[in-house]
Amino acid sequence: MIAGTALVLLTPIMLASILLIRLLIGKPVFVAESLVGFRGKEFACFRFRTALYGHGSPSVACRTWPGRGYHRWVESLAQALCSSRLDKIPLFYSVLIGDMSLVGPRPLKAHEVQWHLASAPEIFMARPGLTGMWRHVGNNDRTYARYIAVDRYYVHHWSMGLDCVLLIKAVTASSRAIGAA
């Protein structure tokens, strides 16, 4: 219900982002990433495209407008979308269809699964979240071992209260980032 409401409320921002991305960066507007979540199920995770090049290969449809300031506009748009986390608005769709949750363990890329299966298989008993305890790991402590530890803690100590605290922290951080962008 929260994800659906968020998508409706964020529709004007989504439409503006789609228009700006389409005009400045080109097609495609969305990029998909394959992630692994609940019970080891692989799913496609969509977000707004924020680069002229997608997944290591040049995009054929990139805009090549003449002018010295063009790349500055593209970089400014990409930086604003990323720093405010607005590039992740399409993730609410993954929550709506049940691939993700608002709060949960960190979504995993395929190459990370083996490490997690060996050391913390219980992580796959919860849906990955848009936010979670992993979001609050300090910059100096961002290792797989630390991410696994906080995800295990979350799964073993899950409560509505913990989810509410993590959601409030995420909304507060995003609001500050949007204000700064």
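Considering only residues of segment 108-126 that are touching a Leu at 6+ places or on another chain (Cβ under 9 Å) and closer than 25 Å to I2 by Cβ, which is surrounded by the most Cβ atoms within 10 Å (Cβ to Cβ)?
Step by step, filter segment 108-126, then rank; the result is I123.
K88: at pLDDT below 90, of a type in the set (K, R) and within 21 Å of A16 (Cβ to Cβ), yes or no?
Yes; evaluated as a whole, the condition is true for this residue.
Please find, within segment 19-36, the residue that is nearest to the chain's Cα centre (by Cα) out of those that are surrounded by fewer than 15 Cβ atoms within 10 Å (Cβ to Cβ) and part of a helix (DSSP H, G or I).
Among them, the one singled out is L19.
Just one of (1) at pLDDT below 85; (2) in a helix (DSSP H, G or I) trips up G67, so point out which.
Unmet for G67, out of (1) at pLDDT below 85; (2) in a helix (DSSP H, G or I): (2).
Could you please give the count of residues in segment 125-142 that are in contact with a Lys or Arg (Cβ under 6 Å, 6 or more places away or on another chain) and outside any loop (DSSP other than H, G, I, E, B)?
The number of residues fulfilling the criteria is 1.
With the structure loaded, tell me whether W115 is among the hydrophobic types (A, V, I, L, M, F, W, C), more than 30 Å from I18 (Cα to Cα) and in a loop (DSSP other than H, G, I, E, B) or whether it fails that test.
no
Going through segment 81-112 one residue at a time, which ones are of a type in the set (S, T, Y) and part of a loop (DSSP other than H, G, I, E, B)?
Once the filter is applied, which keeps residues that are of a type in the set (S, T, Y) and part of a loop (DSSP other than H, G, I, E, B), segment 81-112 yields only S84.
Within segment 91-113, can you find the residues that are among the β-branched types (V, I, T) and either modelled with pLDDT under 85 or touching a helix residue (DSSP H, G or I) at 6+ places or on another chain (Cβ under 8 Å) (or both)?
Within segment 91-113, V95, V103, V113 meet the criteria.
Quick one: would you say H156 is closer than 27 Å to A3 by Cβ, over 18 Å from the mean Cα position of the chain (by Cα) and exposed (fewer than 14 other Cβ atoms within 10 Å of the Cβ)?
Criteria met by H156.
The values are calculated or read from the model by the stated rules, or taken from the named source; none is laboratory data. Not measured: the values here are computed from a predicted model. No Cβ is skipped: glycine too gets one built from the backbone with ideal geometry, and neighbour counts run over all protein chains shown.
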